[in-house]
1. Inspect all residues belonging to the range 52-60 and state whether any of them is open to solvent by less than 20 Å² (accessible area, probe 1.4 Å), within 14 Å of the chain's Cα centre (by Cα), of a type in the set (A, V, I, L, M) and modelled with pLDDT of 90 or more.
2. Looking at the range 95-104, can you tell me whether even one residue there is at pLDDT 90 or above, under 30 Å from Gln9 (Cβ atoms), surrounded by 11 or more Cβ atoms within 10 Å (Cβ to Cβ) and not polar (S, T, N, Q)?
3. Can you tell me which condition Ser15 does not meet? The list is (1) in a helix (DSSP H, G or I); (2) of a type outside the set (A, V, I, L, M, F, W, C); (3) at pLDDT below 90, and all the others hold.
4. Among Arg3, Arg38, which is the only one that is in contact with a helix residue (DSSP H, G or I) (Cβ under 7 Å, 6 or more places away or on another chain) and either assigned to a loop (DSSP other than H, G, I, E, B) or modelled with pLDDT under 85 (or both)?
5. Give me the pairs: first residue in the range 67-80 and at negative phi and at pLDDT 85 or above, second residue assigned to a helix (DSSP H, G or I) and open to solvent by 70 Å² or more (accessible area, probe 1.4 Å), beta-carbon distance under 9 Å, and six or more apart or on different chains, which are they?
6. Considering Ala139, Ala130, Ala151, Ala157, which residue is part of a helix (DSSP H, G or I), under 30 Å from Glu86 (Cβ atoms) and not hydroxyl-bearing (Ser, Thr, Tyr)?
7. Just name the residue that is farthest from Val11 (Cα to Cα) out of those in the range 81-90 that are without any contact (Cβ under 8 Å) to a residue 40 or more places away in the chain and not basic (Lys, Arg).
Amino acid sequence: MARRSPALQRVYDESIKYIADSIVKSDEPGIGVSYLTREDNWMEKVPLSNKMEQFLINNTKIFLNTMDMGNSLSTDPNFLKLLVKEIVKYLAPYFAKNNTRLTVANASIFLHNELWEKNWHIRGMLAYQAEKREKKRQAQIVRRARNARKAKKEKAAKDFETFCEIRIEVINTNQKRKKK
């Protein structure tokens, strides 16, 4: 297993704690078990159901969507992609549990699709960042064109000044010849 960065490990641990707490504290029927504590392995004690699957997906999305926006990592697509990948690795075995048709690999694909592809918050954030990048790129193009025009005007002015200086020298030289 590849070693996680300290920041990724910290946020991953927070997500696992959040998921476990949401299951332990849930009072919805079919979610959690009343005698569970955070230290218990909820994956072994809580039976898998459609309701539980949806609960886990929704709570994981809530965690991802409400991360600390003051932290630049919460808006870094590469960091979020790695975090979602780690959360998927954590949840996939539970989703594949007691389901003969669903393998861990298929559960991973399903969870990634739910947590990354269908997450409106992440989609919106990525679209917003792409829009900002495009505006920045357009501004750079305009700035380069403006600088090129300015440089062209400056070169033309300098060339004209040089031409005038040469012309004045030629005139002065001709006048000196005529005086001799």
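The values are calculated or read from the model by the stated rules, or taken from the named source; none is laboratory data. Bear in mind that the values here come from a model prediction, so they are computed numbers and not experimental data. Counting neighbours? That spans all protein chains shown, and the Cβs are built from the backbone with ideal geometry, glycine included. When the accessible area is computed, the model is the full protein with side chains, heavy atoms only, and any ligands, DNA or RNA have been set aside. Shrake-Rupley method; radii C 1.70, N 1.55, O 1.52, S 1.80 Å.
1. no
2. Checking the range 95-104: not a single residue is at pLDDT 90 or above, under 30 Å from Gln9 (Cβ atoms), surrounded by 11 or more Cβ atoms within 10 Å (Cβ to Cβ) and not polar (S, T, N, Q).
3. (3)
4. Arg38
5. Filtered contacts from the range 67-80: Phe79/Ser72.
6. Ala130
7. Val88
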